[in-house]
């Protein structure tokens, strides 16, 4: 099971360890964004700091219906005790976790500041 916490702004957050191919690691705290269908966003300072390799650019439709171009990079995360390589979109916001990371997992959030966010693998 993976655990996070609901912060004082009523955002469900998860601590993540991310890294590059050279095993350089960094701790981040990311906000769960159920309206984002990708894996993860990171600001450019983190991407540059870890020297993450560029994979592609992709046109993405935002919540307001507008489209924008995102650069995608490869990052390794520790997810449910396992190393996993995913695409990360460069975005100058706080790190956001999208719903793609929760595929085949149950996400439980009690929207009360200080409550536990629980993520557990589903038996499929």
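The values are calculated or read from the model by the stated rules, or taken from the named source; none is laboratory data. These figures come from a predicted structure and were not determined experimentally. Cβ placement follows ideal geometry from the backbone for every residue including glycine, while neighbour counts extend to all protein chains displayed.
For (1) within 16 Å of the chain's Cα centre (by Cα); (2) exposed (fewer than 13 other Cβ atoms within 10 Å of the Cβ), each residue gets a yes or a no:
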| residue | (1), (2) |
| --- | --- |
| 81 | yes, yes |
| 91 | yes, no |
| 95 | yes, no |
| 100 | yes, no |
| 114 | no, yes |
| 118 | yes, no |
Only residues that are surrounded by 15 or more Cβ atoms within 10 Å (Cβ to Cβ) and either within 17 Å of residue 41 (Cα to Cα) or modelled with pLDDT under 95 (or both): list them for the range 102-112, please. 102
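Give 22, 51, 37 a once-over and let me know the one that is surrounded by fewer than 12 Cβ atoms within 10 Å (Cβ to Cβ), in contact with a helix residue (DSSP H, G or I) (Cβ under 6 Å, 6 or more places away or on another chain) and not in a strand (DSSP E or B).
Details: 22 fails: in contact with a helix residue (DSSP H, G or I) (Cβ under 6 Å, 6 or more places away or on another chain); 51 fails: in contact with a helix residue (DSSP H, G or I) (Cβ under 6 Å, 6 or more places away or on another chain).
On inspection, the qualifying residue turns out to be 37.
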